[in-house]
Structures are given as C-alpha cells and as structure tokens.
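The values are calculated or read from the model by the stated rules, or taken from the named source; none is laboratory data. Note that the coordinates shown come from a computational prediction; the quantities given were computed from them, not determined experimentally. As a convention, Cβ positions derive from the backbone with ideal geometry for all residues, glycine included, and neighbour counts pool all protein chains shown. Ligands, DNA and RNA are stripped out before the accessible areas are found, and what is left, the full protein with its side chains, is counted by its heavy atoms. Shrake-Rupley method; radii C 1.70, N 1.55, O 1.52, S 1.80 Å.
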Amino acid sequence: MVFSKRKMKQFLAFGVTIVLVICLYKSWGSPTNGVSHYAYDDGDSSAIGGEDNAAIDQEHRRAGPSPERLVLSVADRRGQKQQPNDDAAAGQAEPLDDVELALAQSKPQRPPLRKGAFVAGSAQKLHQVPSLNDLGPDDLDRESRLNELHEAKRQILKLERKIQELEGRIPRKYPDVTFLNYKNRKRILITGGAGFVGSHLVDYLMMQGHEVIVADNFFTGRKRNVEHWLGHENFELIHHDIVNPLFIEVDEIYHLASPASPPHYMYNPVKTIKTNTLGTINVLGLAKRVGAKVLIASTSEVYGDPDVHPQPETYWGHVNPIGPRACYDEGKRVSETLSYAYAKQEKVNVRVARIFNTYGPRMHMNDGRVVSNFIIQALQNQSITIYGSGRQTRSFQYVSDLVDGLVSLMASNYTQPVNLGNPVERTIQDFAEIIRDLVGCKSKIIELPAVEDDPQRRKPDISRAKKYINWEPRVPLQEGLMKTIDYFRKELARSNHSQRNIFVPETTEFRSLL
C-alpha cells in the first residue's frame, strides 16, 4: 500500500512538471533558449511531492533522462504544442502555424516513436512509453542535433518573414525625373503602353516630367515592362481594351495599341482588325472631344511586298487584301485613312508614323520576329531557323531611336506620314550570322519553307524624317544587339517574380555621344 501511494505521488509530480515545462516552452517560444528539455524545477517538485518526491527526482537526475522526459523531447521535436489543461493531458495538439507547417513538410520523414498518453495516475499507459534501452547514445545525440536544427530553421523562417514585412514598408525609389510646372507638364495617354515600344516611350516621357497614363489590355503587353513606375505620382496604369471607348482628359495621345508580330496578330485576325479600326475611331473621338494631339503608330506593312525600293512615304503599297497578313496590313491602312478623315472633317491634330522593324530589350520572347527568334535560339544552342532562302532583306532600328523619332514627330508641325526606320539594309542570313557570333554559340543555320506573303525587300526612305523632324537612327547595330542579347539572357535565367526589371535611365550626355 505504501508503494502504491508513493507511485501515485510520483505520477502526480510528473504530470504537474509536464504542465510547467510546457508552459515555459510556450512562453519562451523556443526549447533551446538556454533551457534544457529535461530540466525540472526542484522547488516545485519538493513542494508538491514532499521530501520523498525530491529524493526520487534526484535519483532520476543521476540515472539520466527518464522515459517520460524522452517522450516530451519527441513531442517537442514533432512540433506538437500541448495545452496546459485536460486536453493536453489527453494528448491533443494545436494546429500548426504556417511556419511550422512549412518545416514539417520539408523535414525528412522518420519512423515515429511509439508513445502513449502520459496522464498522471495512469500506470497502464506509462508502460506504452519506449524505454531508453531501445535508443542508444548516438540516437539521442542525433535527435538532439535534429531538434536544434529544426528550431534554427524555424527562427530563420520567422526572420525572413519579418524582413519581408519591413521591406514592404520602405517607400519605393524611382529615377529622378525632371520637374515640370503645371504650364509645361502634359497629360499623355499611351495606348498599348505596356508593350515593347510603348514601355520605352513611357520611360522617356516620365523622365521628361510629364504625367503618363497607360491603357493596355495586356494581350501582348506586360505589367513587368512598366512595373518600375507603379506608384509614382506621375504614372497611371489602366487595364483597358481600346476597342471600347475611353473617357479621360489628356493633352496628347500615342496610339500604339495593336499586336505587331505575325504570330500575335494572326492569332485573332478579327480582333486585330477591330483594334486598328474601332480602336483608332475611339482614340480619334477622344482627341476630338478633349482637343488632344494624336500620333497614330502605323507600320511599314502598309507597303506590303513592295515594288519600289527603298520605300518612300509617297508609295501606295502592294498588299494582298485577303492574305494571312491582311488583318494587320489593311487594318493599319484603314487606321491611316481614319486619321486623315478626322483631320479633315473634325479638325483633329494628327501625326502618322510608319514604323519599320525595331528591336531591343522587352521584346516578347515568343513574338516570332527575326531578332528575338535568332537570339533565343542562339542562347539555347538550338539551330537558327530561317524561313525561305535567307536572301530577304530587313532594316532594323534600335528601340531608343524609334522613341526619339516618335517624340520628335509629335512635337513637330508636320502632318503627313513619316517613315521611322534604319536605312541600313541587311539580309536575314547576315542577321543570323551576326547574332550567332555575338552570342558565341555554334548553332547551325537551317532553312525552312518560306512564309506566305513574306516581303522580300524592306528598306525605308527617311528623307522626309531628316528634313522635317531632324531625325535619323544613331545606335549601331552591334551595340543594340548586345543590349538585346543581354536582356534575353537574363530573361532565360529568371526563375521567380522577385527578379524585377531594372530601369537605368540614360543621361543626356550618353545619348548625345550615341
């Protein structure tokens, strides 16, 4: 009977000690902050269990960690938080938070140790606890190290989350833009401003100190292209399809909205026609209502497969109206017709830019155009594919040159169409070889069947641009291609959304040197 009472006291002391240790564990938040998993409070033990219980406690200390303490260590290692109440005694655990859940999923799975519910007064369940004889010293040492590693990972995850929260409170930094007072600052709308050319035009106008509003339906445009301006007081981004009317107050409009590469505009030819007809009507109607000046971005495709070389603005073109490219070619021709109809009838102040082949950073990787295709294939050591014989000619200008031409045309008083392109003509075969050499790969150049209605020669006559807006391209081909290759190399290496575009504005001195 004496032995039974003594056992009951021991179990009662053990149960109370478990509750105290769990309370300390939850209040300190870490089992390794200077407190051992197996520590007992001598004062509490002697007060509850008396002198006999204290002697038993000292005996346990000499004998090493008891099975009950081992169970507590295993429970801590598995991330189970015991409540200091009856539920805790019954072995119920709280749900894991997000940090513990991530750690639990990342930890290697090991066979769990069998353990019973260690309720004070239950001698039968105590026998379910594994004995120390089942685990050697090496196992206990390994469990201790894994315990510490688990807690270190937990603390690291908490710190990383705290750093992210603090970084979110830091105000964003923007390039130092020019300050313009209300008399000189303009409100400028750019349709398709999140696209390849549009985003570079946004950079230029923002650096000049103007208020820029971008309207884009993000079919080919991307928020990533203009993300470095999000939140700036002079910048506004509107998710809008220009096929639908837009009602805002602006001073100037650059109408760039339309897919420009064959795979994109052939994907939905009806939508392409609507963008270049209904979209242009909406833009011209907006310009009429608010008295804004509008620049229509036309294309060299209005010349079709030209019979005249090089192509002056006076050439009417040679276009197949029912071919696969007609949705874009004829759509742009109608866009020009609408512009001059509004100029004549409604006195809208219009400008028309016929844009030739352009390349540079932020090109869509899958746009199917010559430069992007060749660079991606070369960077991936794939065969460089040429459609046709490779003797077709193209004239490529760097995107910053085009932006300068667009801004100069908008600022001028000239209202007739103006070619904006590079008059240096090269064959497709030459471009493939130049890009292969710049990338430094050993890709083979192979020929595939020619594309229907693919123009054989393309070269702009820019005499009008030189005369009326004092513009001509300045960036050498090698320099522009190196910047573009560097951009695509980074895009291919990008693996997460945290790797953002970095916009470094070019200084006036640098641009003048070019």
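For SER339, indicate whether it is open to solvent by less than 40 Å² (accessible area, probe 1.4 Å) and more than 20 Å from PRO460 (Cα to Cα).
yes
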_Scan of segment 294-338 for residues that are β-branched (Val, Ile, Thr), in contact with a His (Cβ under 7 Å, 6 or more places away or on another chain) and either within 19 Å of PRO259 (Cβ to Cβ) or assigned to a helix (DSSP H, G or I) (or both), ordered by number_ = ILE296
*Are any of the residues in segment 439-447 of a type in the set (S, T, N, Q) and without any contact (Cβ under 8 Å) to a residue 12 or more places away in the chain?*
no
_Of the criteria (1) over 20 Å from VAL407 (Cβ atoms); (2) touching a Ser or Thr at 6+ places or on another chain (Cβ under 7 Å); (3) surrounded by 24 or more Cβ atoms within 10 Å (Cβ to Cβ), which one VAL283 fails_ = (1)
*Assess whether LYS288 counts as being open to solvent by 60 Å² or more (accessible area, probe 1.4 Å), of a type in the set (Lys, Arg) and either without any contact (Cβ under 8 Å) to a residue 12 or more places away in the chain or not in a loop (DSSP other than H, G, I, E, B) (or both).*
yes
*Take the residues in segment 172-200 that are of a type in the set (Phe, Trp, Tyr) and surrounded by 16 or more Cβ atoms within 10 Å (Cβ to Cβ), then tell me which one is farthest from ARG362 (Cα to Cα).*
TYR174
*Criterion violated by ASP203 - all others in (1) part of a helix (DSSP H, G or I); (2) among the acidic types (Asp, Glu); (3) exposed (fewer than 14 other Cβ atoms within 10 Å of the Cβ) satisfied*: (3)
*Hey, among the residues in segment 370-425 that are aliphatic (A, V, I, L, M) and without any contact (Cβ under 8 Å) to a residue 60 or more places away in the chain, which one's nearest to TYR359 (Cα to Cα)?*
VAL424
*Which condition does HIS318 not pass, out of (1) touching a Lys or Arg at 6+ places or on another chain (Cβ under 6 Å); (2) at pLDDT below 95; (3) not hydrophobic (A, V, I, L, M, F, W, C), if it passes all the others?*
(1)
*From ILE253, ILE248, grab the single residue that is β-branched (Val, Ile, Thr), surrounded by fewer than 19 Cβ atoms within 10 Å (Cβ to Cβ) and more than 22 Å from the chain's Cα centre (by Cα).*
ILE248
*Restrict the check to segment 210-217 and report whether at least one residue is in a loop (DSSP other than H, G, I, E, B), more than 20 Å from the chain's Cα centre (by Cα) and either modelled with pLDDT of 95 or more or over 18 Å from ARG362 (Cα atoms) (or both).*
yes
